[in-house]
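The values are calculated or read from the model by the stated rules, or taken from the named source; none is laboratory data. Source: prediction; values computed, not measured. Cβ atoms come from the backbone with ideal geometry, glycine included; neighbour counts cover every protein chain shown. With ligands, DNA and RNA removed, areas are computed over all heavy atoms of the protein, side chains included. Shrake-Rupley method; radii C 1.70, N 1.55, O 1.52, S 1.80 Å.
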Amino acid sequence: AGLPRSAPASAEDMAMQACLRRDLRIFLPGDVVEAGGKKCEIVHLHEDRTCSVQAAPGQVPERVLLRDISLLEPRGRFVRRIAVEKAVNALSWRGKYELNCRGAVRPSAQVTKQGAHHMVVVHTGKPLPEGVSFSGLEMEVRGMDQGWGNSGDSGVALFALRAGGEVRHDEDGPVMKVTYNHNSHPNPNHTVRIDGLAGLFALQPGDRLQVALLCPPYPGWSAYVERVEVRLFGTSEQEEPICTALPDDWQTHAAPAFDQLCKRLSDDALISVDVAHLSMQGQAKQGVWKERATVAPGSPDLAPVTPRLRMLLADRSQRCPEGVWTLLERLESYTSVAGSPSDPARRKQWYDSLLVAINRTLDALEHQGKYDTLGVVLGHYADASKECIYRWDREIANMHDLVTGETTGADARTAEDEVLRMLCAARRRMAEAELHRAKGVAVNNDVHFENFVYGSIHFGIPEQLDATRDYNRWNYAQISTFKPADVQRNLLQAYTPARIREIVRADILQAKTGGAQAIREKVIDWLRAHVPAGFQPQSEPAERQEAWLYEVCHDEDYRLKDEALNFMLCGMHVLGADRVACLCGEL
């Protein structure tokens, strides 16, 4: 991967490394880039596929997508990171709180609500220390409920108070929860651990942990807590910059750097998966998925669904399962069901978002003539009608994606956006397959278990966000036979550079679905626009582009080579190419 640490880097190696970074679009703090027609310096790289750039010292940095910048002067330095394991005692409390179904608490304290549950904050910890990346969490609790009921409704929840903001208990789900349930765990001493804190649950320096006791309003219910201990596990990194001073003549080494580029891109041992493309916020910025939109009163998307569907079915003489009418009646009357918010305003907001999704699904069915899928859509609606709101949400969203997924704003998406969208769809399929395997192992088909699995992984899929709305998923956190970390590990082990190339080939390069040809043309245009500087620099631009595309990127059967796919995916920050470019030391 590079020279031994003790070997000094030559000026030629440093120059070729700079050329490789420019070709592969590897950005580092300190690099000079072009952003929006301006010459800027990168001051910080973020985890959501963006960076902060500054046009001049003292100016307020501007945040831009990595997709939209180009490297002018690679003056940043690679950093070698040495990880040291750390354990932090993040919170420790002893005392006693008792809370009952009427919201009465001893000793006296403020009682609030989380959904329908009474809640009292037990303790708030100190800000988490700087310099540690937290990957695991363990919570020990001593407490129990009244000793009967065994529903797992009461317990102790752990929330994260994000640095610079306050936690919203009724909107932000807990990071972890211990549930009281005599059937599954009669002992008052409980221990729950999560390995793989990431994505929504990633804890940052400055965050504070807050513990709360929860009790439902069911008659006769009560709960108490006497002790809480929270330990965090992670790593701290010692950074060692790798000497990469930029020689003045670095650009004259573009041709030999191109030879190295072709050789090194053929070695998957030098290529990794860039986890930045799993960022949910980064994907949202590039249109891969959309956050749940708020619905304005009087919006045409909120037109009554029932009469519209009856008219659509009458025109086609199609039979509708009875469960569909049950679902629509409950949605349009805002009927409270299992899992729905007790507050009428919040329940209406959630139901309205589901009605909008159904209307938009019907829009797509009518406008595109996809009537062959109508039966599938109605079948899923009917199956969900007798379940809780989380199942409604899941099935309505899945049917919306099934019908509209390939038709929303395709012309406005770049090749990079299209690749991210296809990869997200493939990851959703992979995660669903892993979910079914986990359900088989746990012999469990409950929707709350599904949400526990989805809510415990970081794989860049929208289901992660939807799952966090289901607080009941935490009932499964104390099942010792199932470890969410196993699901996470299986997914990441399967999602390799080779698998990613297979997905791109199958879903873009060899796809026969509508719109596939337009996406293939965007991919070719991306390669055409990113010819490495060291390839035939003396040739005319058009001649040079054609030679690059047809002599280097494609084989004799006009099939994109793996090296060309690696080049593109590295440039799109789907794959990581740091070890391809780093010639001046070991990363």
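The stretch between GLU556 and LYS483 holds 21.5 nm of extra length on full extension. This uses 0.36 nm per residue minus the Cα-Cα distance. Helix 389-404 and the longest principal axis of the Cα set of the chain meet at an angle near 30°. Length gained on full extension, ALA314 to ASN398, computed as 0.36 nm times the residue gap minus the Cα-Cα distance: 27.7 nm. Taking Lys and Arg as +1 and Asp and Glu as -1, the other residues whose beta-carbon sits under 14 Å from that of LEU128 total +3. Compared with the dominant Cα axis of the chain, that is its longest principal axis, helix 322-332 is turned about 90°.
Reported value for the stretch 471-551: 186 Å³ per residue, from the convex hull of its C-alpha atoms. Per residue, the solvent-accessible area of the stretch 229-382 (1.4 Å probe, heavy atoms of protein chains only, all protein chains present) comes to 50 Å². Helix 11-24 and the long axis of the chain differ in direction by around 50°, with both axes built from C-alpha atoms. Extension gain, SER299 to GLU329: 0.36 nm times the residue separation minus the Cα-Cα distance gives 8.9 nm. In the stretch 490-519, whose amide N lies under 19 Å from the spot 7 Å out along Cα-to-Cβ of ALA269? List them in ranges. Once the point is set 7 Å along Cα→Cβ of ALA269, 496-499 turn out to lie under 19 Å by backbone N, inside the stretch 490-519.
When ARG437, ARG106, ARG308 are compared by accessible surface with a 1.4 Å probe, the order from highest to lowest is ARG106, ARG437, ARG308.
In a reduced charge model with +1 at each Lys and Arg Cβ and -1 at each Asp and Glu Cβ, the chain shows a dipole moment near 1800 debye about its Cα centre. In this calculation the C-beta distance from ALA494 to LYS386 is compared with R0 = 35 Å, giving a FRET efficiency of 0.55. Residues of the stretch 47-88 falling in the label zone of GLN251, defined by backbone nitrogen less than 14 Å from a point 7 Å along Cα to beta-carbon, are 71-75. Return the carbon/sulfur percentage of the accessible area of the chain, one whole number, probe 1.4 Å, all protein chains in place. The C+S portion of the solvent-accessible surface of the chain is 50 percent. When the square roots of the Cα gyration tensor eigenvalues are ordered a ≥ b ≥ c, the ratio a/c for the stretch 386-536 is 1.5 or more and a/b exceeds b/c, which makes its shape prolate. Under 5 Å between amide hydrogens, built in the peptide plane, is the criterion, and for ARG49 it picks out nothing among residues at least 5 positions away or on other chains.
The count of lysine pairs in the stretch 1-160 whose Cα atoms are under 30 Å apart, excluding pairs fewer than 8 places apart on the same chain, comes to 4. For the stretch 1-97, rounded, prolate or oblate, judged on the Cα gyration tensor with a ≥ b ≥ c (square roots of eigenvalues), a/c < 1.5 rounded, else prolate if a/b > b/c? Since a/c reaches 1.5 but b/c is at least a/b, the shape of the stretch 1-97 is classed as oblate. On the basis of the beta-carbon distance and an R0 of 30 Å, ARG346 and ALA284 show a calculated FRET efficiency of 0.85. Along the Cα→Cβ direction, 7 angstrom out, place labels at ARG429 and ARG102. What is the inter-label distance in nm? The answer from the label model is 5.8 nm. Projecting the Cα atoms of LEU309, MET572, ILE500 onto the charge dipole of the chain, computed from C-beta unit charges around the Cα centre, puts LEU309 farthest toward the positive end.
Distance from the C-alpha centroid of the stretch 200-261 to that of the stretch 51-110: 7 Å, rounded to the whole angstrom.
Per residue, the accessible area of the stretch 481-580 comes to 48 Å² when a 1.4 Å probe rolls over the protein heavy atoms.
Placing a pseudo-label 7 Å from each Cα along the Cα-to-Cβ vector at ASN445 and SER222 gives an inter-label distance of 4.0 nm. Taking square-rooted eigenvalues a ≥ b ≥ c of the alpha carbon gyration tensor, is the chain rounded, prolate or oblate, where a/c under 1.5 means rounded and, failing that, a/b exceeding b/c means prolate? Here the chain falls in the oblate category.
Going down the list LYS285/LYS348; LYS285/LYS386; LYS370/LYS512; LYS263/LYS512, which pairs span over 25 Å between their C-alpha atoms? In this structure, LYS285/LYS348; LYS285/LYS386; LYS263/LYS512 exceed 25 Å between Cα atoms. Between SER336 and LEU549, the simple spin-label model (points 7 angstrom out along Cα→Cβ) gives 6.3 nm.
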